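Notes follow the structure.
The values are calculated or read from the model by the stated rules, or taken from the named source; none is laboratory data. These numbers were taken from a predicted model, which means no experiment stands behind them. Cβ placement follows ideal geometry from the backbone for every residue including glycine, while neighbour counts extend to all protein chains displayed.
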Amino acid sequence: MVVDRKEDLRGLSDNQMASVAAAAKAEHKEGKFVIQLQNTTGQPLLGSLQNRQLRERIMQTSLARNSHGGEFDTRNIVTRTAQLRAEKAKLLGYANWAAYQLEDQTAHDVPTVNKLLTDLAPPAVANAKREAADMQKIVDQEKGGFQIASWDWPSYSEKVRKARYAFDESELRPYYELNHVILDGVFFAAGKLYGLTFKERHDIPVYQPDVRVFEVYDRDGKPLALFLGDYYARPSKRGGAWMNAYVQQSDLFGTKPVVANHLNIPKPPPGEPTLLTHDEVRTAFHEFGHALHGMFSKVKYPRFSGTSVPRDFVEYPSQVNEMWATWPEVLKNYAKHYKTGEPIPQALLDKVIAAEKFNQGYKTTEYLSATLLDQAWHQLNPSEVPKDAVAFEAEALHKAGVDFPPVPPRYRSFYFSHAFAGGYSAGYYSYIWSEVLDADTVEWFKEHGGLKRENGDRFRAMLLSRGGSADALGLFKNFVGRDPYVEPLLKRRGLDHAQSENGASRRTETETLQRGGVR
Ligand SMILES: [Zn+2]
């Protein structure tokens, strides 16, 4: 999007201004400004821009992408893809594409996924409406004279956030020094839960000088695995964070696992400490949850080793491991000021945890809306595929009760690559499904005394060590002793009606599974 006048960009930071000017220059539009849209409905600059007309223009442009004619229009591709998938599923003997895709996932069938979405949508939308009402109050106090729209949401939710949960990330970081976080946090928790010990090795060649190698010893003192910690960003590194198993455990070949966690923490100047954000700390625990899944694997065939599990199951153990990041005994052990050794002030931590449940109505609704679209397109039989994709989309959102215009779907069908280009067709629900299992398991740990060897050993024996060698939902049920409940997730996200102010949040981010590794 080209913006002609600098004054329309009021509210942008110096960095943001520099990047829209640089983008214009790259397109030979000197003196103008170019806003590059990212591939979600929401756009990062909406939170800063003060010009409401420009905000609206950005949102409308984003929403209209690929569905207003021209060479990038994907409407026909969407309907054609839905048609072909429906026909393929029918040839294979399934009612629809979703039924075919879900059969070997943990959720297993269409009714299970639909029930999950039906349970979650009403509380999510109700909470989004409450959040909109909070923001409307600010608009009215400012005598804005308009109703909150999707293009106003980021900037007004930021005002609510500042008023209620203000804290400065820079106050936090001195307590999150990388070495403390890994050795005294991540490894410490694994010691308490599973009896693991770690010894750094400097004799093993690495592909990059700052990669660290640890020998991991099991509870009986015998070597279990090698763990590589590749924490720093570098120009040639892929973005995000992920785990990879370079050698998979297998009894068939007698291999022990070599697993790695790859993060993208900016490297400080020489001699400076590496201080993490709260999000990076949580990511370190998350990725180590995948690493444990890989290291504890005790299966015969590499095909079923470690994280080789259904897509809607793989994020579950890693999300569970995040719980230890803020578990008091673990936190006390690692969150110390890097200079003074002072423990992190409880008041500061409380603010961080409270802020995590903020805006969950919006986040859950935009995610669920996209999930519902993914299911709607893929639960059609060949004769039901519509001609008018835009009308079908609107109808699907309406029927599901999530058509609340201030919160549009995170992706509309026409730029929804998870559902139509990537490998997530009928599978975008996976993130929240994993989180249902995760929240339920976190409750189980809390009810059974938390950070204890007994609990860790049970989780390891019944679940982590089994990889994909048994039915995934069966593993979960054996571990907790029943079917999964959705209530712990609602509570965590503050979506349960009775206790709407409770619980923390998880990201429902758009992670992509990579071959041989998981994020
Ligand atoms: Zn993950």
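Before moving on, here are some points about what is shown:
- Qualifying positions in segment 9-18 - surrounded by fewer than 16 Cβ atoms within 10 Å (Cβ to Cβ) and either assigned to a helix (DSSP H, G or I) or in contact with a His (Cβ under 9 Å, 6 or more places away or on another chain) (or both): Asp14, Asn15, Met17, Ala18
- Matching residues in segment 249-266 - criterion: being of a type in the set (A, V, I, L, M, F, W, C) and under 18 Å from His290 (Cβ atoms): Val258, Val259, Ala260, Leu263, Ile265
- Against the conditions (1) closer than 30 Å to Phe146 by Cβ; (2) touching a residue at least 60 places away in the same chain (Cβ under 8 Å), Ser62 satisfies every one except (2).
- Among residues of segment 99-122 that are closer than 15 Å to Pro484 by Cβ, those with a beta-carbon under 6 Å from a residue that is among the charged types (D, E, K, R) at least six positions away or on a different chain give the pairs Gln105/Asp312; Thr106/Asp312; Ala107/Asp312.
- All positions within segment 390-408 that are surrounded by fewer than 22 Cβ atoms within 10 Å (Cβ to Cβ), of a type in the set (Asp, Glu) and not in a loop (DSSP other than H, G, I, E, B): Glu395
- If you filter segment 267-321 down to residues that are of a type in the set (D, E, K, R), crowded, with 19+ Cβ neighbours inside 10 Å and touching a Gly at 6+ places or on another chain (Cβ under 8 Å), you find that the one that is farthest from Asp251 (Cα to Cα) is Asp312.
Conditions (1) more than 30 Å from Ile77 (Cα to Cα); (2) in contact with a strand residue (DSSP E or B) (Cβ under 7 Å, 6 or more places away or on another chain); (3) not small (Gly, Ala, Ser), marked per residue:
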site	(1), (2), (3)
Met323	yes, no, yes
Ala355	yes, no, no
Leu380	no, no, yes
Ala389	no, no, no
Pro406	no, no, yes
Ala419	no, no, no
Trp433	no, no, yes
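- Residue that is nearest to the ligand (Cβ to nearest atom), among those in segment 250-284 that are polar (S, T, N, Q) and in contact with a helix residue (DSSP H, G or I) (Cβ under 7 Å, 6 or more places away or on another chain): Asn261
- Within the set Phe416, Phe420, the sole residue that is under 23 Å from the mean Cα position of the chain (by Cα), in contact (Cβ under 8 Å) with a residue 12 or more places away in the chain, crowded, with 20+ Cβ neighbours inside 10 Å and more than 24 Å from Glu56 (Cβ to Cβ) turns out to be Phe420.
- Some residue of segment 163-174 being within 25 Å of the chain's Cα centre (by Cα), of a type in the set (Gly, Ala, Ser) and crowded, with 17+ Cβ neighbours inside 10 Å: no
- A search for C-beta distances below 6 Å between a residue of segment 443-471 that is free of Cβ contacts under 8 Å to residues at least 24 places away in the same chain and any residue that is part of a helix (DSSP H, G or I) and surrounded by fewer than 17 Cβ atoms within 10 Å (Cβ to Cβ), counting only pairs 6+ apart in sequence or on different chains, returns Met462/Asn478.
Residues checked against (1) within 19 Å of Ala291 (Cα to Cα); (2) among the basic types (Lys, Arg); (3) assigned to a strand (DSSP E or B):
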{"site": "Glu158", "(1), (2), (3)": "no, no, no"}
{"site": "Leu172", "(1), (2), (3)": "no, no, no"}
{"site": "Ala189", "(1), (2), (3)": "yes, no, no"}
{"site": "Lys192", "(1), (2), (3)": "yes, yes, no"}
{"site": "Phe198", "(1), (2), (3)": "yes, no, yes"}
{"site": "Val206", "(1), (2), (3)": "yes, no, no"}
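Residues are listed down the side, and each one gets a yes or a no for (1) out of contact with any Lys or Arg (no Cβ under 6 Å at 6 or more places or on another chain); (2) more than 24 Å from Val213 (Cα to Cα); (3) among the hydroxyl-bearing types (Ser, Thr, Tyr):
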| residue | (1), (2), (3) |
| --- | --- |
| Ala149 | yes, yes, no |
| Asp152 | yes, yes, no |
| Val160 | yes, yes, no |
| Ala166 | yes, yes, no |
| Ser170 | yes, yes, yes |
| Arg173 | yes, yes, no |
| Asn179 | yes, no, no |
| Leu183 | yes, no, no |
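- Residue count for segment 187-204 satisfying the condition of being aromatic (Phe, Trp, Tyr) and touching a Lys or Arg at 6+ places or on another chain (Cβ under 9 Å): 1.
- Residue that is nearest to Glu215 (Cα to Cα), among those in segment 290-306 that are within 16 Å of the ligand (Cβ to nearest atom) and of a type in the set (A, V, I, L, M): Met295
- Residue count for segment 220-248, restricted to those that are part of a loop (DSSP other than H, G, I, E, B), within 16 Å of the ligand (Cβ to nearest atom) and more than 26 Å from Pro269 (Cα to Cα): 0
- Taken residue by residue, segment 35-42 has at least one member that is in contact with a helix residue (DSSP H, G or I) (Cβ under 9 Å, 6 or more places away or on another chain), surrounded by 13 or more Cβ atoms within 10 Å (Cβ to Cβ) and more than 22 Å from Ser413 (Cα to Cα).
- Which listed residue is within 30 Å of Asp73 (Cα to Cα) and either at pLDDT 95 or above or not acidic (Asp, Glu) (or both), from Leu490, Leu513: Leu513
- Among the candidates Lys363, Lys339, Lys332, Lys351, residue that is closer than 24 Å to Asp168 by Cα, outside any strand (DSSP E or B), under 14 Å from the mean Cα position of the chain (by Cα) and away from the ligand (no atom under 16 Å from the Cβ): Lys363
- Put simply, of Glu315, Glu287 the only residue that is at pLDDT 95 or above, within 16 Å of the ligand (Cβ to nearest atom) and in contact with a helix residue (DSSP H, G or I) (Cβ under 9 Å, 6 or more places away or on another chain) is Glu287.
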